[in-house]
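Read through the structure below, which is laid out as structure tokens, and then see the notes.
The values are calculated or read from the model by the stated rules, or taken from the named source; none is laboratory data. Nothing here was measured: the structure is a model prediction, and the numbers come from that model. All Cβ positions, even for glycine, are placed from backbone atoms using ideal geometry, and neighbour counts span all protein chains on display. When the accessible area is computed, the model is the full protein with side chains, heavy atoms only, and any ligands, DNA or RNA have been set aside. Shrake-Rupley method; radii C 1.70, N 1.55, O 1.52, S 1.80 Å.
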Amino acid sequence: MESMETKPSGGGGARDLLHRQYWDLSYVSGPLVFLKDGHRFATGAILDLVLGDGAVRQGQVLETSTTHAVVQVLQGTQGVDIERTSVSLRADAARLGVSRDMIGRRFNGLGEAIDGLPPVLPDEELDIMGAAINPVARDKPRDFIETGLSCIDGFNTLVRGQKLPIFFGAGLPANRLARHIVRHAATKSDAEEFVVVFGAMGITEREAAFFLRSFGESGQGARVVAFINKANDPAIERLFTPRCALTAAEYLAFHHGFQVLVVLTDMTNYCEALRQVSSAREEIPGRRGYPGYMYTDLSSIYERAGRLRGNRGSVTQIPMVSMPDDDITHPIPDLTGYITEGQIVMSRALHRQGLFPPVDVLPSLSRLMNNGIGEGLTRADHRDLANQLYACYAHGRDIRKLMSIVGEDALGDLDRKYLQFAQEFESQLIGQGDVRRTIDETLGLGWRLLALIPKEELTRINKDLIDRYYCEIMEDGVPSPFVG
Amino acid sequence: MEATTVERAGTVTRISGPMVSATGMPGVAMGEIVRVGRAALMGEVIRIDGDTVFAQVFEDTAGMGLGEPVVGTGAPLVVELGPGLLGQTFDGIQRPLPALRELSGDLVGRGLSAAALDRDRTWAFAPQVAAGDAVAGGDVLGTVQETATIEQRILAPPGTAGRVDSVVAPGAYRVHEPIVELEDGTRLSMMQRWPVKAARPAGAKLASDRPFLTGQRVLDCLFPIALGGTAIVPGGFGTGKTVVEQTLSKYCNADIIVYVGCGERGNEMADVLSEFPELQDPRTGASLMGRTVLVVNTSNMPVAARDASVYTGVTIGEYYRDQGYDVAVMADSTSRWAEALREIASRLEEMPGEEGYPTYLAARISEFYERAGRVVCAGNGEARQGSLTLVGAVSPPGGDFSEPVTQTSLRVAGALWALDASLAYRRHYPAVNWNRSYSLYDEELDGWFREHGPEGWCERRRDAVRLLQRDAELQEVVQLVGPDALQDAERLVLEASKLIREVFLQQNAFSDSDAYSSLEKTGGLLDTVLVFYEKCRALLDDGAMLDRLLDLPVREDLARLRDAPSDGFAARKDEVIAQIRAMAAEAAGK
């Protein structure tokens, strides 16, 4: 069955002359079209679909066999018919043209400029799928990033080259938290070499405007590269958006030595698109209908953070993950947590108390914290102090739970102290508002809070440090604002 | 590689992710390695259906088209065993990652090949056989000082039988050069190949009566495993599986560590690679890297190679076991391996079992864990004993242990070290849940601990378990009616088990003095806490007030005893115990 013809189509142009068009669609379903012959294109190839009315869409070959080829259509299959739609090869792989001039520009989810300026003249055309970094080529993530937030700097320290997601429930101010991190991380670093790459998947117009405005306010307006797929843009495009963003990020970091902070939001929308394609392919669904390979797929995004030996640049990732129904065991946050180096978890209870940022530090974690703290990096007492504050706060929360059962009268003196500690910890240390704290201020406040707890209880802290910090405050007579 | 024949070249007929099918390859066997496509990507045959052959490809198939060639190699997936393994970092199919970096830069390219063992490097070989000697598989042909502390014994490959015709003189040779020639003309070199999916032969299995010591109090004391034993470490994300596996790699009493990073984070490997060369083996003082082999297939590296990576790791482990070493293989994480099996099975459109995993998951997992054990090594001459201990991390979705990988592993593993998110949230590390974990080896090991452990070890352990059990019961009461409803004696149990939890079970992996706890320190620390409990208990029986006892300043000294280093611990412990006795006497006197 020879269905190729070279009849000129409306758009014309050199590409149409170079690549033969084929009319061999056999099946259309959801975001997929099937071609009758799998021999024509290689897997991963990008195709142009020319519809009967001359409209052009892009598709990517997912699977080939002698009987068929499966193509996912990025802009959806509405209006695609079998008779008149033709396919032709556009590129051997999904590529993004990259250049230093991307900084300050705005693109759609496929990397096409949408800011009204002419297209970027690319230095290189890179495969957006990237390739795994050779583990022996990786350099250990280090260098503390001061975000100005006690809940992160003090307890879940972010370091360059890390991937640290934010887990949040619907209605929690995650965007405001992300704005805070980006803004302060930017001010602290050498502004010359700092770039934010923003990848937005399926976010609303309002959210997109919020981010673009706040990046602008941070004085880093010119240092943002934005890839935006909005809620009403084609869903399948979302599978490409984070990869475009990371391709640009890697290029700026590893070719030009920038410190790149990548904010990806919302990964849940990305996973929904993945599920959509999987179900159209009639694959065996995993938990909640998400495909069994979602872990592998997500890791091909998250693992693109890090540093390389002998390279100045770094890619740090802050993916935003909304937790459906506040459920941290939902497959999306669950698989994310297994890949990323920790997580920042937002709490509805703290938000209801009017505290910002409403971060629950107990389930939050930064696995790379040890690389960024301690003598010479932050302060020698940082780790012990954080451990002790954690332990006291966790205990205080237990007491609070107990109190709700047995009543306050049943509590002993020491229990009440822990109760008060937990309260102050939340309102003073965590709920700092929009102010910016240095790491010294965070640690200092931590020590002042510990004054609520008798010294003998502080067994997680090295004795020398207690002598140095705990006593110092008491003997100086500096009144702790929370005692007496 | 083995010679390939033209007849065996077929063509690609279907490409679906890591699964490729081909036709026109008569004679190709299950498990055979094939070279797929123009890029000659490595793949393994996993199904044969008439003329159609299905292969899982160990590299990314993007860009491949139908009609590209597939060539059989005539051999299954094998690893190269010989000098040069220690200190090396391999990918899942045993390509040395530093060599790949030289070939393709910072990113792993496709279709690369690099020999597992460096063909240019020479090793000083000291023969131990002479012409006329009879040799069989497993016999020591000679030795090579592989790293500062490890001497590699060059073994006759399994299946060897014959008489030595000639041996090279002591001197420097490359791994593939013949060193021994048998009378039948067989030439043996320092390197041998072995198919990874087959267990290497060994002699009789030995009893599990020697402990695999980890330097971790909660494991050594409450849930010890034997050399040659198996343990699984399941836990939700953030509970510290990887920290446990890495801590064990640093401090356990095995001679050789094989660390398999299967489908895990690249940055963690960067951590190991930067940390291990600088850390000292606590027993020999040499660099830790000198006893370690890393097999790394990070989560974004091709999924099929995860399957290969665990087998590659365990086969390298068996090779050192056969030399008479105690080997520990850490597999982090076996769940990622199971997921790889699931992905491939689903591409083959196999009928899924529980949660989409293939029905042979249980068989694969049990075969894998059964490769552990303490054995009499194959070969004549001095009777060597070696062991292979397997510790597998499991990553259950949502932290829910009822899922198939955890449950299947539990049926075969000898110990469960269950990690608990609620402990991790309060930074109680290692977050091993003492109520949920177990070890099936503890009775078999009692004899060893009685003979070699600190005095009263087994009794003290029982006391601790009993206290923690009582504590769990009392906590339920407290949750209902509050602590005031308890008798003083019961409140003392709560206080004592709190001390056990905080002083004894918790251990700071990042503290120089506490990351490793010797048996003496482990036993001493527990003993001290229990002495304190017993003294308080006695005073309470004599009518003392509990609140006064709990205010005794010695409690803080006790809590800080944890930070005393293992060296010279006994003296510090005696001081604290003397203090406890003195205070008890004083309190009794009042």
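Here are the numbers:
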| quantity | calculated |
| --- | --- |
| Test: residue in the range B:544-557 that is under 28 Å from the mean Cα position of the chain (by Cα), within 12 Å of chain A (Cβ to nearest Cβ) and open to solvent by 50 Å² or more (accessible area, probe 1.4 Å) | no |
| Selected residue [of a type in the set (S, T, N, Q), more than 10 Å from every other protein chain (Cβ to nearest Cβ) and buried (at least 24 other Cβ atoms within 10 Å of the Cβ)] from A:T268, A:T316, A:T296 | A:T316 |
| Matching residues in the range B:378-418 - criterion: being within 14 Å of chain A (Cβ to nearest Cβ), open to solvent by 10 Å² or more (accessible area, probe 1.4 Å) and among the hydrophobic types (A, V, I, L, M, F, W, C) | B:F401 |
| All positions within the range A:442-472 that are touching a residue at least 40 places away in the same chain (Cβ under 8 Å), closer than 26 Å to A:T147 by Cα and more than 13 Å from every other protein chain (Cβ to nearest Cβ) | A:T442, A:L443, A:L445, A:G446, A:W447, A:L449, A:L450, A:Y469 |
| Subset of the range A:87-142 (residues that are farther than 24 Å from B:G65 by Cα, hydrophobic (A, V, I, L, M, F, W, C) and within 14 Å of another protein chain (Cβ to nearest Cβ)) | A:I133, A:V136, A:A137 |
| Residue within the range B:45-53 that is open to solvent by less than 30 Å² (accessible area, probe 1.4 Å), of a type outside the set (A, V, I, L, M, F, W, C) and outside the structural domain of B:V303 (by TED's automatic domain parsing) present | no |
| Single residue of the range B:430-457 satisfying the filter (closer than 17 Å to B:V244 by Cβ and open to solvent by 70 Å² or more (accessible area, probe 1.4 Å)) that is farthest from the chain's Cα centre (by Cα) | B:R436 |
| Test set (1) away from every other protein chain (no Cβ under 13 Å); (2) open to solvent by less than 50 Å² (accessible area, probe 1.4 Å) - A:G374 fails condition number | (1) |
| Enumeration of residues in the range B:63-89 that are at the interface with chain A (Cβ under 10 Å from one of its Cβ atoms) and of a type in the set (A, V, I, L, M, F, W, C) | B:M64, B:L66 |
| Selected residue (criterion: most open to solvent (accessible area, probe 1.4 Å)) from residues of the range A:377-409 that are at the interface with another protein chain (Cβ under 10 Å from one of its Cβ atoms) and touching a Gly at 6+ places or on another chain (Cβ under 8 Å) | A:I405 |
| Some residue of the range A:352-359 being out of contact with any Gly (no Cβ under 9 Å at 6 or more places or on another chain) and at pLDDT 95 or above | yes |
| Checklist (1) without any contact (Cβ under 8 Å) to a residue 12 or more places away in the chain; (2) more than 32 Å from the chain's Cα centre (by Cα) applied to B:E151, failing item | (2) |
| Where A:L121 falls short, out of the listed (1) touching a residue at least 60 places away in the same chain (Cβ under 8 Å); (2) touching a helix residue (DSSP H, G or I) at 6+ places or on another chain (Cβ under 8 Å); (3) not in a strand (DSSP E or B) | (1) |
| Selection within the range A:240-276 - within 23 Å of A:A93 (Cα to Cα), of a type in the set (A, V, I, L, M) and in contact with an Asp or Glu (Cβ under 9 Å, 6 or more places away or on another chain) | A:A273, A:L274 |
| Count of residues meeting criterion [crowded, with 21+ Cβ neighbours inside 10 Å and touching a residue at least 12 places away in the same chain (Cβ under 8 Å)] in the range A:278-292 | 3 |
| Inter-residue pairs, beta-carbon under 7 Å, first more than 16 Å from A:R304 (Cα to Cα) and in the range A:315-326, second of a type in the set (F, W, Y) and assigned to a strand (DSSP E or B), 6+ apart | A:V321/A:F167; A:S322/A:F168; A:M323/A:F167; A:M323/A:F168 |
| Residues that are assigned to a loop (DSSP other than H, G, I, E, B) and either crowded, with 23+ Cβ neighbours inside 10 Å or of a type in the set (K, R) (or both), drawn from the range B:86-115 | B:D91, B:G92, B:I93, B:Q94, B:R95, B:V108, B:R110 |
| Residue within the range B:506-529 that is surrounded by fewer than 18 Cβ atoms within 10 Å (Cβ to Cβ), closer than 20 Å to A:L414 by Cα and of a type in the set (S, T, N, Q) present | no |
| Residue in the range B:75-84 that is in contact with a Ser or Thr (Cβ under 6 Å, 6 or more places away or on another chain), charged (D, E, K, R) and either assigned by TED's automatic domain parsing to the domain that holds B:S299 or touching a residue at least 40 places away in the same chain (Cβ under 8 Å) (or both) present | no |
| Residue count, the range A:21-80 (criterion: away from chain B (no Cβ under 14 Å), small (G, A, S) and buried (at least 22 other Cβ atoms within 10 Å of the Cβ)) | 1 |
| One residue from B:R374, B:R364 being without any contact (Cβ under 8 Å) to a residue 40 or more places away in the chain and away from chain A (no Cβ under 11 Å) | B:R364 |
| Flag if B:L486 is among the hydrophobic types (A, V, I, L, M, F, W, C) and away from every other protein chain (no Cβ under 12 Å) | no |
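For every residue, the table says whether it meets (1) in the same structural domain as A:F211 (by TED's automatic domain parsing); (2) outside any loop (DSSP other than H, G, I, E, B); (3) at pLDDT 95 or above.
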| position | (1), (2), (3) |
| --- | --- |
| A:R304 | yes, no, yes |
| A:P319 | yes, yes, yes |
| A:D325 | yes, yes, no |
| A:T329 | yes, no, no |
| A:L335 | yes, yes, no |
| A:V345 | yes, yes, yes |
| A:P363 | yes, yes, no |
